[in-house]
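Participant: This is the structure I have questions about; it appears just below.
The values are calculated or read from the model by the stated rules, or taken from the named source; none is laboratory data. Treat the numbers as computed from the prediction; the structure is a model and nothing was measured. Quick reminder, even Gly has a Cβ in these numbers, built from the backbone with ideal geometry, and neighbours come from all protein chains shown.
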Amino acid sequence: MTDPRQTAAALLGKIDWQSEVSGFCRCPGESLHTHPTGKKDCRVNVDGAPTIYCFHASCAPAVAASNRALRRAMGQSPWEITLPGGRVLRSGDVLQPSGTVLPRAVIQAKARAEGRDAGEAVLLASITMLATRFASEMFATFRWPFAQILSDSPLLVADRDPDHQFRTWLRLWPAHSTVWIGDVYSTGKPEHRTHFRPVADWYQIGPVMGNYTCGAAFKPGSFQRSNANIVGERFMVVESDTLAKDEVGAIFAYLHRRLKYPLHCIIDTAGKSLHAWFDAPKNPLLENRLKAGLVALGCDPKVFTHSQPVRVPGAYREGKLQRLVWLKD
Ligand SMILES: [Zn+2]
């Protein structure tokens, strides 16, 4: 039985282990990096679904090939390692931050009981763990404080007046979209149809029908803000209840620069948080994996409830303006 850490080192060279199962390594695609390489840019985990992960985007094909080689090498024979205190970790088990071993068999049994794919469940648990382990490097590498977001905006929007804010934001939607704007409870009864209108109507009306909107367009004639009524254009609105305005920007930058999700705008909610509007993932499987990672980094899982109300720019919240602070060119 081969120690999985030796298998990883045989493939990747010297590994600077940070825990029993996770460490920094040289990126197998380092020669493809288009930005300077830091010592903590690439990490390998041997627990769960064994994974090499690098902060650079340009090396992705080389990293993917190495991941296949790593999983093939480790998959050849089952292994187990004894951790301090006598805990035993077997191939596929996930080591939790608390030090507890989460056995693969338990993850798989739970998934099957819930009608989910067992292999995918192990991968999701591995993504959660990967995101938890690289969080501090991610927040340092992609740091994007609020003042920097304001000054980096391709278009200067933060000082525009409320009507101008609202109409600028409306232009993000395709002209035919039916958009909901209202207050949280402006939904569910036929009289709420007046809150579901085409973009052109809203352009005339202005930001006066409520403080909230939704990242998804609805079927024309809807009066209920539910996932069943969503059709066509959809944004992924990323937010966090726990991260400060100077912290959450790192997640926006990571999604935009590393994962290449098109960023449309960032909205200051006039409260404690910022919301970033991205293109929504097209593939439900990838969306689920992204969710596992974002939640582990401190994002609100409600991001993935498509009919979730979010703050609309141009409306006032207790005397403060909900406004765009970053807008794409
Ligand atoms: Zn790399």
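Participant: Considering only residues that are among the basic types (Lys, Arg) and within 29 Å of the chain's Cα centre (by Cα), look in the range 161-196 and name the one that is surrounded by the fewest Cβ atoms within 10 Å (Cβ to Cβ).
Facilitator: Quick first cut of the range 161-196, residues among the basic types (Lys, Arg) only: 167, 171, 189, 193.
Checking which are within 29 Å of the chain's Cα centre (by Cα) leaves us with 167, 171.
On the way: Arg167: 18, Arg171: 12.
It comes out as Arg171.
Participant: Out of Ser126, Ser136, which single residue is closer than 30 Å to Thr51 by Cα, among the polar types (S, T, N, Q), free of Cβ contacts under 8 Å to residues at least 40 places away in the same chain and not in a loop (DSSP other than H, G, I, E, B)?
Facilitator: Just a single option satisfies the conditions, and that option is Ser136.
Participant: Yes or no: Ser77 within 22 Å of Phe139 (Cβ to Cβ), more than 16 Å from the ligand (Cβ to nearest atom), hydroxyl-bearing (Ser, Thr, Tyr) and at pLDDT below 95?
Facilitator: So Ser77 does not fit the description; no.
Participant: In the range 27-71, how many are of a type in the set (D, E, K, R), free of Cβ contacts under 8 Å to residues at least 40 places away in the same chain and more than 9 Å from the ligand (Cβ to nearest atom)? Show your work before the answer.
Facilitator: Narrowing the range 27-71 to residues of a type in the set (D, E, K, R): 30, 39-41, 43, 47, 68, 71.
If we keep only those that are free of Cβ contacts under 8 Å to residues at least 40 places away in the same chain too, we end up with 30, 39, 68, 71.
If we keep only those that are more than 9 Å from the ligand (Cβ to nearest atom) too, we end up with 39, 68, 71.
Of the residues in the range 27-71, 3 are of a type in the set (D, E, K, R), free of Cβ contacts under 8 Å to residues at least 40 places away in the same chain and more than 9 Å from the ligand (Cβ to nearest atom).
Participant: Just the residues that are crowded, with 18+ Cβ neighbours inside 10 Å and of a type in the set (Gly, Ala, Ser), please, taken from the range 308-329.
Facilitator: Answer for the range 308-329, where residues must be crowded, with 18+ Cβ neighbours inside 10 Å and of a type in the set (Gly, Ala, Ser): Gly314, Ala315.
Participant: Being assigned to a helix (DSSP H, G or I), closer than 30 Å to Gly249 by Cβ and touching a helix residue (DSSP H, G or I) at 6+ places or on another chain (Cβ under 6 Å), is that true of even one residue in the range 107-117?
Facilitator: No - not one qualifying residue is present in the range 107-117.
Participant: Let me confirm something: among Glu233, Glu191, which residue is in a helix (DSSP H, G or I) and either in the same structural domain as Val303 (by TED's automatic domain parsing) or more than 30 Å from Thr141 (Cβ to Cβ) (or both)?
Facilitator: Glu191
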